[in-house]
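Dumping the structure here so I can ask a few things about it.
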Amino acid sequence: DAEITQSPRHKITETGRQVTLACHQTWNHNNMFWYRQDLGHGLRLIHYSYGVHDTNKGEVSDGYSVSRSNTEDLPLTLESAASSQTSVYFCASSVDSSGNTIYFGEGSWLTVV
Amino acid sequence: GENVEQHPSTLSVQEGDSAVIKCTYSDSASNYFPWYKQELGKRPQLIIDIRSNVGEKKDQRIAVTLNKTAKHFSLHITETQPEDSAVYFCAASGAGKSTFGDGTTLTVKP
């Protein structure tokens, strides 16, 4: 079955380290997204991509970057991890830009100490 | 950009009662309004959605209504069961992007 997978599922890192969270989808979806989820803030958009080589900033993009070199993958990089980036990160994808369902990955729990 | 407000933030009901969660949005260009259910430690999953050319949609015990003029939409759950306990998120989508509400924690007491 087609799926969207994230790795690692849990990670503890130190302040200042670079961290990359992987996201891989097998649906051949054009759109991919990264959200962070914090208590009381719901799901906030970090970065998104509408296709290969396309990337865009979301509402909370500072300190994060993404790249889209193929359809299947959208890795999220924290350039220099900060304690404020301790959160649950969800990758998601949708077919196209016509208002279609977003499908979420299982989430990556990141703790920055 | 789009702004979505969701109320209430917490909701407790007795098993068998109905639950209603309301959302408002700001961008009239939004044309797709999904609702997601998230159980503890799990990913959000779509439970129902509605498009801007439809006023109401029902799927068994859940229904969603949309008022485009007032820019608000609501989730209705009837005959609630303990397994309905979860966090529910509304979203407003347009041009391929979705903005989520802050979530409603629904507790159904047996």
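In segment A:17-34, which residues are surrounded by fewer than 18 Cβ atoms within 10 Å (Cβ to Cβ) and of a type in the set (Phe, Trp, Tyr)?
A:Trp27
Could you check how many residues of segment B:1-52 are among the polar types (S, T, N, Q) and away from chain A (no Cβ under 13 Å)?
Within segment B:1-52, the first condition is being among the polar types (S, T, N, Q), and the residues that meet it are B:3, B:6, B:9-10, B:12, B:14, B:18, B:24, B:26, B:28, B:30-31, B:38, B:45, B:52.
Now restrict to residues that are away from chain A (no Cβ under 13 Å): B:12, B:14, B:18, B:24, B:26, B:28.
Of the residues in segment B:1-52, 6 are among the polar types (S, T, N, Q) and away from chain A (no Cβ under 13 Å).
Using the structure shown, decide if B:Ala92 is in a strand (DSSP E or B), among the small types (Gly, Ala, Ser), more than 14 Å from chain A (Cβ to nearest Cβ) and in contact with an Asp or Glu (Cβ under 9 Å, 6 or more places away or on another chain).
Numbers: in a strand (DSSP E or B): yes; among the small types (Gly, Ala, Ser): yes; more than 14 Å from chain A (Cβ to nearest Cβ): no; in contact with an Asp or Glu (Cβ under 9 Å, 6 or more places away or on another chain): yes.
Considered against the rule, which asks whether it is in a strand (DSSP E or B), among the small types (Gly, Ala, Ser), more than 14 Å from chain A (Cβ to nearest Cβ) and in contact with an Asp or Glu (Cβ under 9 Å, 6 or more places away or on another chain), B:Ala92 comes out as no.
While we're looking at this one, here's another question. Going by the structure shown, is A:His10 surrounded by fewer than 17 Cβ atoms within 10 Å (Cβ to Cβ), modelled with pLDDT of 95 or more and within 14 Å of chain B (Cβ to nearest Cβ)? Steps first, please.
Numbers: surrounded by fewer than 17 Cβ atoms within 10 Å (Cβ to Cβ): yes; modelled with pLDDT of 95 or more: yes; within 14 Å of chain B (Cβ to nearest Cβ): yes.
Here the answer is yes, as A:His10 does meet what is asked.
May I ask you to list the residues in segment B:72-110 that are at pLDDT below 95 and over 12 Å from the mean Cα position of the chain (by Cα)?
B:Ser93, B:Gly94, B:Ala95, B:Gly96, B:Lys97, B:Ser98, B:Thr99, B:Pro110
Considering each of B:Gly16, B:Gly55, B:Gly41 in turn, give the residue that is loosely packed, with under 13 Cβ neighbours inside 10 Å and in contact (Cβ under 8 Å) with a residue 40 or more places away in the chain.
Values: B:Gly55 fails: in contact (Cβ under 8 Å) with a residue 40 or more places away in the chain; B:Gly41 fails: in contact (Cβ under 8 Å) with a residue 40 or more places away in the chain.
Testing whether each residue is loosely packed, with under 13 Cβ neighbours inside 10 Å and in contact (Cβ under 8 Å) with a residue 40 or more places away in the chain leaves just B:Gly16.
The values are calculated or read from the model by the stated rules, or taken from the named source; none is laboratory data. None of the values given here were measured: they were computed from a predicted structure. Reconstructed Cβ throughout: ideal geometry from the backbone, glycine too, with neighbour counts over all protein chains shown.
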